[in-house]
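Below you'll find the structure, written out as structure tokens, and then a few comments.
The values are calculated or read from the model by the stated rules, or taken from the named source; none is laboratory data. Just so you know, these numbers come straight off a predicted model, no measurement behind them. For accessibility, only protein heavy atoms count, side chains too; no ligands or nucleic acids. Shrake-Rupley method; radii C 1.70, N 1.55, O 1.52, S 1.80 Å.
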Amino acid sequence: MIDLALDADLDARLVDVRRLGRDHLRPLGIEADRNGAPVPPDHPFFTTAWRMGLGQPLGVEDRTATRGPRTAARRGVVVAEEMAYWDRGMSVAMPGLGLGGPPLFGMGTPEQKEQFLAPFRDRERPHWAAFAMTEPDAGSDVAAIRTSAVRDGDGWVLNGAKTFISNAMRADWIVVWATVDRSAGRAGHRAFVVEHGTPGLEDMRHEHKMGLVAYESSSFTLRDCRLPALNLLGGERHYAERAGFKGAMRSFNATRPAIAAMAIGIARAAYDVARDHVRAHAGHPRAQRMREKLARMARKIEAGRLLCWRAADLADAERPNEVEASMAKAFAAAIAQEATGLAVEILGDGGVTSDGYVEKLYRDVKAMDIVEGTGQVQHIVIARRLVGLPAT
Ligand SMILES: Cc1cc2nc3c(=O)[nH]c(=O)nc-3n(C[C@H](O)[C@H](O)[C@H](O)COP(=O)(O)OP(=O)(O)OC[C@H]3O[C@@H](n4cnc5c(N)ncnc54)[C@H](O)[C@@H]3O)c2cc1C
């Protein structure tokens, strides 16, 4: 059963997020969009937010370090929706471990957690981490990654290229997925922590996107990038015991519900603009048609939110949530696109003018179907699981 109540702590957190959202996230997101440039890491807002304990809302935690009932995933989806409501681009631009957190928590040794979490304990200056799987020729088909990892003495040497990696440019470190044996497919995958400034981490550059401008998506090259043995996440034993790719899948299952909730946040923002418009045009000849569109948006937003909460609650209960996380992600991204489209329709020409907010949401929402596995890929995962086959 899904308990729909929010605890007092989370309620109080949402009050902070709303204030921050209204005063900073939305204005900064709009400013970044107009400038066509991400909000720089030294922007004073990031320091203020970091000192308040606010970062990227993915709802992942170090399970080995928490006791008692776990609520991080549920809290994560609730906060993720709220932050994305104010600005999804800004919610990813926020400092924090982001997608780099789950592999470190899930696979990292105590020594690695100690070393790589250390910068994030400094609350004076904001810090970022990143997660790099995608390559120019390997997106949905993650088994096709080519970045190679070769053992060299007591360390490793990485060669390859990664693309469209969120926050990579400003990250203290990036979890980079590479292969020790391409012919072994996913079993050959290894995750390495590549720290900022490591020689061979080169050609870091921005990719320009149609929306979500507030954070950087970066591409980079690894050229004879030499790493100490400690930077292989989990150490060699981890991979001898489990296939490397399982670590990546666990990362995705942990973060998909929050990414889905972000899509719901964008949909809700579009809904609010549309609702205000409908209210202000009650005497319009097509007012009833507009209200019906609004009702369609509201219904789907509610359903999407419940799927996100269900997937998160399973994660908190440490129960398998692969199908539910994929359902939440596929459904939320699709209905968020539909909702922003309906908002554009309801506003008419006001929906497409670049002075209006809905036009930005329409551009922002598209990538939600692509990040963390496209809609088609989620459907493949769900379909295979429903008939008892492995996800891919
Ligand atoms: C804003 C943004 C942020 C991102 N951040 C990160 C990040 O931080 N780290 C990271 O590693 N990556 C990141 N990515 C990359 C993202 O994970 C990939 O774009 C995504 O996995 C899709 O890969 P692709 O773009 O290569 O598309 P492709 O895999 O080439 O897919 C192209 C099209 O084909 C479809 N398709 C592919 N395979 C199948 C199939 N078997 N059956 C049916 N249809 C199929 C897809 O659904 C899609 O419509 C980000 C991308 C974006 C847009």
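Some points to look at:
- A Cα-only calculation for the range 232-378 places Rg and Dmax at 18.8, 69 Å.
- Pairwise Cα inverse-distance average, inverted: Kirkwood Rh of the chain (Å): 21.5 Å
- Of the residues Glu324, Glu111, Glu81, the one that moves most in a GNM of the chain with alpha-carbon contacts below 10 Å is Glu111.
- Quotient of Cα Rg and 2.2 N^0.38 Å for the range 295-346, N being how many residues it contains: 1.28
- Ranking by accessible area, most exposed first, for Asp42, Asp172 with a 1.4 Å probe: Asp42, Asp172
- Probe 1.4 Å, all protein chains present, accessible-area order of Lys329, Lys300, Lys113, largest first: Lys300, Lys113, Lys329
- Relative contact order (%) - the range 182-225, alpha-carbon pairs under 8 angstrom, separation at least six: 38 percent
- Within the accessible area of the range 283-392 (1.4 Å probe), percent carbon and sulfur: 58 percent
- Accessible surface computed residue by residue for the chain, with neighbouring protein chains in place and a 1.4 Å probe, gives 44 Å² per residue.
- Number of Lys pairs (Cα under 26 Å; 8 or more positions apart or on different chains) in the chain: 18
- Stokes-Einstein D in µm²/s, Kirkwood radius over Cα pairs - the range 53-170 at 25 °C with 0.890 mPa s viscosity: 151 µm²/s
- In order along the range 308-323, the Karplus-derived 3J(HN,Hα) couplings, from 6.51 cos²θ - 1.76 cosθ + 1.60 at θ = phi - 60°, round to 5, 5, 4, 5, 5, 4, 5, 4, 5, 7, 6, 10, x, 9, 4, 5 Hz, and Gly and Pro are given as x.
- Highest-fluctuation residue, Ser140, Ser218, Ser183 considered, GNM on the chain with Cα pairs under 10 Å: Ser183
- Ordered from highest to lowest accessible area with the whole protein assembly present and a 1.4 Å probe, Asp181, Asp313 read as Asp181, Asp313.
- With contributions of -39500 (n - 2.57) from each DSSP H run of at least four residues, the per-residue ellipticity at 222 nm computed over the chain stands at -16000 deg cm²/dmol.
- Close amide H contacts of His127 (hydrogens built in the peptide plane, cut-off under 5 Å, sequence separation of 5 or more or a different chain): Gly96.
- Solvent-accessible area of Tyr357 with every protein chain in place, 1.4 Å probe, in Å² to the nearest 10: 40 Å²
- Taking the protein heavy atoms of the range 111-250 in the context of the full set of protein chains, the accessible area attributed to carbon and sulfur is 50 percent at 1.4 Å.
- Largest mean-square fluctuation among Ala93, Ala240, Ala254, in a Gaussian network model of the chain whose springs join Cα atoms under 10 Å apart, belongs to Ala240.
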